[in-house]
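Peer 1: Pasting in a structure now, in structure tokens, and then I'll have a few things to ask.
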Amino acid sequence: MRMIRVDRLVNLSHLPPKEDAMTQNIESCYHYNVIARAIKVIDASDGDELPLEDLAAQLGMSPSHFQRLFSRWAGVSPKRYSQYLKLDHARMLLRQHATLFETASATGLSGSGRLHDLFIRWEAMTPGEFAREGEDVTIDFGWFDSPFGEMLAMATERGICGLAFTAECGRLESLADMRSRWPHALYRENPGAAANWVQAALQQRGDIRLLLAGGPFQIKVWEALLSIPSGYVTTYSELAAAAEMPKAVRAVATAVGRNPISWLIPCHRALRKSGALGGYHWGLGIKRSLLAWESIRRDAAA
């Protein structure tokens, strides 16, 4: 089993300390639903900057309430946040905040100076286990509120094996998608099995165990993704080089798309060389929100 130190994924330190974790998660989920609606309004404006009053009105909210929600969820004003959501923000990230795998550790990008530390221990299924597609494996699953909408988490006794966002595809589709990866497993709805690991991710404290189900090449790509610090991005070609397959860029992109554990294995930080977002299995709106969220926190900590 390997132990990999991962940069903070979510910083909830701006929330009032007296609130319990469940309250924080429910509020974050509600706030993300507002953010998701705002993204659609901002995109429909064709790049024109919308006054706070107009944006709030289109969301059916008062300007003051809308401002409070944004500030609470994102830590910045709606106007500032919209700049992080613009489609060309990914290109800026690639120009200014790309990270090379061989220098990430040396420069401390994924180590010291962070508010919270999250430790991820992971192991891969053996080739035989992978070939059996989950036969004789019991997978517990549950639904959880997160800062990016509802989340589906799946786990075995060995660790989290699946994490999906449902905001853009819904519960049924996301559950069917994740179950198709281990078609012969026994599934049971039991949120408690993954609850401690999910809460560790949300609160950024404690250890998380992951169980990866994939071929050797996919495992290499997912391991490379784990080395990308929060607030930074890389390209599919750089991931291919890190996986020791520099000419297999398309295969790398496919492996990124097949990542079963979203967010914790940060496939959202992979972009095309041009700076285009590329795809995201759980919806480009969520990918953009993830990148904006992490960029804001990186800039605030700078």
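The values are calculated or read from the model by the stated rules, or taken from the named source; none is laboratory data. All of these numbers come straight from a predicted model, not from anything done at the bench. Note that we place each Cβ from the backbone using ideal geometry, even for glycine, and neighbour counts take in every protein chain shown.
A quick yes/no check of all residues on (1) touching a Leu at 6+ places or on another chain (Cβ under 6 Å); (2) without any contact (Cβ under 8 Å) to a residue 40 or more places away in the chain:
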| site | (1), (2) |
| --- | --- |
| A224 | yes, no |
| S227 | no, no |
| V233 | yes, no |
| E238 | no, no |
| A243 | no, yes |
| V256 | no, yes |
| P260 | no, no |
| A276 | no, no |
| I286 | no, no |
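Peer 1: So T234 clears everything in (1) polar (S, T, N, Q); (2) more than 19 Å from L291 (Cβ to Cβ); (3) out of contact with any His (no Cβ under 9 Å at 6 or more places or on another chain) except one condition, right? Which one?
Peer 2: In the conditions (1) polar (S, T, N, Q); (2) more than 19 Å from L291 (Cβ to Cβ); (3) out of contact with any His (no Cβ under 9 Å at 6 or more places or on another chain), T234 misses (2) alone.
Peer 1: So which residues in segment 279-301 are of a type in the set (K, R) and either surrounded by fewer than 21 Cβ atoms within 10 Å (Cβ to Cβ) or under 17 Å from L202 (Cα atoms) (or both)?
Peer 2: R297, R298
Peer 1: Condition check: outside the structural domain of H31 (by TED's automatic domain parsing) and more than 13 Å from the chain's Cα centre (by Cα). Does P260 satisfy that?
Peer 2: Here the answer is no, as P260 does not meet what is asked.
Peer 1: Could you tell me whether segment 247-254 includes any residue that is in contact with a helix residue (DSSP H, G or I) (Cβ under 9 Å, 6 or more places away or on another chain) and touching a residue at least 40 places away in the same chain (Cβ under 8 Å)?
Peer 2: Checked segment 247-254: no residue is in contact with a helix residue (DSSP H, G or I) (Cβ under 9 Å, 6 or more places away or on another chain) and touching a residue at least 40 places away in the same chain (Cβ under 8 Å).
Peer 1: Is one or more of the residues making up segment 265-277 in the same structural domain as A153 (by TED's automatic domain parsing), buried (at least 22 other Cβ atoms within 10 Å of the Cβ) and assigned to a loop (DSSP other than H, G, I, E, B)?
Peer 2: Yes, the conditions are met somewhere in segment 265-277.
Peer 1: On to the next question. Please give the helices (runs of 4 or more DSSP H) falling wholly within segment 36-142 in which 3 or more residues are within 26 Å of G162 (Cα to Cα), modelled with pLDDT of 75 or more and out of contact with any Leu (no Cβ under 9 Å at 6 or more places or on another chain).
Peer 2: 127-131
Peer 1: Then there's this: Take the conditions in the same structural domain as A124 (by TED's automatic domain parsing), in contact with a Pro (Cβ under 9 Å, 6 or more places away or on another chain) and more than 19 Å from I286 (Cα to Cα) and apply them to A176. Does it pass?
Peer 2: no
Peer 1: Which of (1) under 26 Å from S230 (Cβ atoms); (2) at pLDDT 75 or above; (3) not acidic (D, E) does M3 not meet, given it meets every other one?
Peer 2: (2)
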